[in-house]
Amino acid sequence: MLSVKEIFSAFLVLFAIIDITGSIPIFLSLKHSGRKFSAWQAAVVSLGIFLLFYFLGDAALQLFGVDIQSFAVAGSIVLFIMAFEMILGVEIFKTEAGDSGSTVVPIAFPLIAGPGALTTIISLRAEYSDVNILIALLLNIVIDFLVLHYIDKLEKLLGATLISILRKFFGVILLAICVKLFTTNLGALIQSFNIQ
C-alpha cells in the first residue's frame, strides 16, 4: 500500500546511509586523478545491485536460518557504527577503491551500493511495505545520478564546509533511525521468544 510517510522515511534512511553528499569529495578526487566515470552506468549498476539483493537477500537469509527481525537488529548495529563515522569524521569500516578504472568499482560498489546500504535495504523490509521501499530507492538512485552528472557544478556551489555539515546532519538522522530500528525489531524478537 502506497504511503507518503513510509516513502519519505525509507528515502531518508537510504539517503543517509548511501551518503551521496559525503561521497562528493571522493568523486572529485577520482575525477581530478584522471578517473573517468559515467553517471548513467553508475546509477543503473547500483540499482541492479540493490534490486538483486532486495529480492534474493531473503532467500539467502533463509539459507542461513536467519529471520528478517534478527537481520534488522544486526543491520541497525552496523548502521549505528556508520552513523558515528559520519558524525565524528572517523573511518571505522575500511573500504578499498581497487585498481579498476571502471564506474562499477568504486562508484557503484561500494560507494553507492555498499555493504551498509545493502544491509539497510533488507532491514527496511521489517518496517515498510515493498512498494514504498522501492520508490524510495528509485528516488535515491535518481539523486545519485544527478550528483554524479553535475559533480563539477556541485563542487563550486557547495564548498567543502557545507558538504561536511551535510554529512554530519544526516549522520545524526541516521543515528536516530538506527535506535528506532533496533528497539522495534528487538521487541518483536523478544515477543517471539516468549510465544515459543
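The values are calculated or read from the model by the stated rules, or taken from the named source; none is laboratory data. Please read these numbers as outputs of a predicted model, since none were measured by experiment. Quick reminder, even Gly has a Cβ in these numbers, built from the backbone with ideal geometry, and neighbours come from all protein chains shown. Quick note on the areas: whole protein, heavy atoms, side chains included, nothing else; ligands and nucleic acids left out. Shrake-Rupley method; radii C 1.70, N 1.55, O 1.52, S 1.80 Å.
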Query raised in the report: Restricting attention to region 78-108, which residues are surrounded by fewer than 20 Cβ atoms within 10 Å (Cβ to Cβ), in contact with a helix residue (DSSP H, G or I) (Cβ under 6 Å, 6 or more places away or on another chain) and at pLDDT 80 or above?
Result: 80, 87
Requested in this report: May I ask you to list the residues in region 22-35 that are more than 20 Å from the chain's Cα centre (by Cα) and more than 14 Å from residue 150 (Cα to Cα)?
Outcome: 29, 30, 32, 33, 34, 35
Report task. Could you check how many residues of region 169-196 are within 15 Å of the chain's Cα centre (by Cα) and not hydrophobic (A, V, I, L, M, F, W, C)? Result -> 1
Report task. Among the residues of region 61-77, count how many are over 28 Å from residue 176 (Cα atoms) and either of a type in the set (A, V, I, L, M) or surrounded by 16 or more Cβ atoms within 10 Å (Cβ to Cβ) (or both). Result -> 1
Query raised in the report: Where residues in region 120-134 are at pLDDT 90 or above and polar (S, T, N, Q), which of them is most open to solvent (accessible area, probe 1.4 Å)?
Result: 129
